Amino acid sequence: MTPPDAFTDLANRMSAAQSTAALIEGRRTIHDFLPHAVPQELLSRAIDVARWAPNHYLSEPWHFYILGPQTAQAIADLNADLVTAARGADAGASKRARWRAIPGWLAVTCDRSEDATRQQEDYAACCCAIQNLSLYLWQAGVGVKWTTGAVTRSPEFYDLIWVDPARESIVGLIWYGYPAEIPRTARKALDQIVIALP
């Protein structure tokens with residue numbers, strides 16, 4: 001006969017699992033933010049949690065750059081210049097105004113390695129860290145957008161965040177803030193993505 005404490009422990013674990021599932025399934029990429037700043041302590045705690053992502057050989061390859069208003073504005077201007085060159089002045093001006101309204105900015109980089117397998121493993125670990133960060137912030141009511149647009153691959157971007165591209169690679173530019181709108185989305189059915197082998 002199973003002791004009553006075992007039932008209680010199982011019930012608690014199932015409840016925690018359901019809460020975790022709801023958090024993961026409910027998280028959305030946020031495109032529009034309210035103009036309110038996120039407390040620095042909350043961001044620091046999110047980064048602290050993020051670094052507990054799995055990483056091969058405990059390489060801890062991630063770096064988190066908190067971008068202040070001056071750097072964020074310079075990145076917004078750089079991106080606007082790239083958009084202007086590709087799509088014209090109106091598109092560039094629109095992009096500049098939109099990016100300058102983003103309340104919180106973070107860049108995440110990964111240590112470079114000459115070993116291709118190690119580089120792939122470290123990049124995957126940094127992606128896990130960004131997911132940890134996103135989920136922690138989402139639980140606190142803060143939304144995130146992880147972008148890897150052309151601006152993050154430009155040499156000028158590396159200069160603006162004081163990163164040596166020979167030593168670190170950009171994994172993502174992270175916007176964060178309180179959501180102005182939460183989009184809806186869907187996923188494929190399990191039978192479209194699960195393959196059971198004998």
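What does region 1-42 give for Rg and for Dmax, in Å, if only its C-alpha atoms count?
Here Rg and the maximum Cα pair distance are 18.1, 57 Å.
Let me check against my output: what whole-number percent is the relative contact order of region 51-194, with C-alpha pairs under 8 Å and at least 6 apart?
31
Can you tell me the order of 46-54, 131-139 when each peptide is scored by its average per-residue count of other Cβ atoms within 10 angstrom, highest first?
Descending mean neighbour count gives 131-139, 46-54.
What does the highest-first list of 80-88, 185-193 look like by mean Cβ count within 10 Å? Write down the numbers at each step before the final one.
Values: 80-88: 15.1, 185-193: 7.3.
Per-residue Cβ counts within 10 Å, averaged per peptide and sorted highest first, yield 80-88, 185-193.
Using only alpha carbon pairs under 8 Å that are at least six residues apart, calculate the relative contact order of region 10-104 and give it in whole percent.
31
Could you tell me what fraction of 2.2 N^0.38 Å the Cα radius of gyration of the chain comes to, as a two-decimal ratio?
Cα-based Rg divided by the globular estimate yields 1.21.
Can you check how the C-alpha radius of gyration of region 18-61 compares to 2.2 N^0.38 Å, as a plain ratio?
Compactness ratio reported: 1.54.
Any chance you could get the radius of gyration and Dmax over the Cα atoms of region 51-101, in Å?
Using the Cα atoms of region 51-101, the pair Rg, Dmax is 16.5, 49 Å.
So for region 83-179, what percent of the C-alpha to C-alpha distances run longer than 22 Å?
Distances greater than 22 Å cover 39 percent of the Cα pairs.
Would you compute, from DSSP H runs of 4+ residues alone, the mean residue ellipticity of the chain at 222 nm, taking -39500 (n - 2.57) per run and dividing by the full residue count, rounded to the nearest 500?
Computed mean residue ellipticity for the chain: -16000 deg cm²/dmol.
None of the figures in this text is laboratory data; all of them are computed from the coordinates on show. Just so it is clear, the structure is predicted and the values come from calculations on it, not from any experiment. Every residue, glycine as well, gets a Cβ built from its backbone with ideal geometry; the counts of neighbours run over all protein chains shown.
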